[in-house]
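Quick notes on the structure that follows.
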Amino acid sequence: MPWTTKNYPNSWKNFDPLLRKKAIDIANAMLADGYKEEDIIPIATSQAQKWYENATPAELKELEEKDVTKHAKPKGPSGARLMEKDVIVRYQPEQKQWEVISDGALQADSLHPTKKEAVIRAREIAGKRGTRVIEKKKSES
């Protein structure tokens, strides 16, 4: 259930109303994307504070009028849905580079001129997630 300007985490109660509204907006977007509630609150808090410190008067006015409860689920796998997926290293002949991509993702994390560099990046991602790296041969791509 999305948070509202009347129903939000207790830790946001002393925020300026617009800072709180931005935190609610970010949190609801993350909720729609499938993130866990315990992960959402600290991330939304940090991101909202950074945004609020740098927001222009026009951005603040736009936020005042925004309905922060409406966030559609993204189409296709993204964000939290890919966190438990293995990381694939495969060759992309069109680009003549090695691609690092999460299993089921629509877009690659990165492209690398050598397989060695791609594997290093893939291991970094998989290590943070606790998933595997699947290395494809050049001929399998």
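Bear in mind these aren't lab numbers, they're just calculated from the coordinates by the rules spelled out. The structure displayed is predicted, hence computed values, not measured ones. Cβ atoms come from the backbone with ideal geometry, glycine included; neighbour counts cover every protein chain shown.
The Rg/Rh ratio of the chain, with Rg taken over Cα atoms and Rh as the Kirkwood radius over Cα pairs, comes to 1.11. Working note: Karplus 6.51/-1.76/1.60 with θ = phi - 60° gives region 13-24 the couplings 5, 9, 6, 4, x, 6, 4, 4, 5, 5, 4, 5 Hz, where Gly and Pro are set to x.
Per-residue ellipticity at 222 nm, computed for the chain from helices alone with -39500 (n - 2.57) per DSSP H run of at least four residues, works out to -13500 deg cm²/dmol. Distant-in-sequence amide contacts of Ser102, defined by a placed amide H-H separation under 5 Å and a gap of 5 or more residues or a different chain, comprise Ile88, Asp109. Within straight-line reach of Lys128, meaning a Cα separation under 27 Å, sit the following lysines at least 8 residues removed in sequence or on another chain: Lys36, Lys50, Lys73, Lys75, Lys85, Lys115, Lys116, Lys136, Lys137, Lys138.
Viscosity 1.306 mPa s, temperature 10 °C: give me the Stokes-Einstein translational D for region 10-65 in µm²/s, with Rh taken as the Kirkwood radius over C-alpha pairs. The partial results should precede the final answer.
On the way: Rh = 11.4 Å.
Once the numbers are plugged in, D ends up at 139 µm²/s.
Distance between the modelled labels on Asp86 and Ile43, one decimal in nanometres: 2.4 nm (7 Å Cα→Cβ projection).
Of all DSSP-defined beta bridges confined to region 79-140, some 75% are antiparallel rather than parallel. Once C-alpha pairs closer than 8 Å and six or more residues apart are averaged by separation and normalised to the residue number of region 3-117, the relative contact order reads 21 percent.
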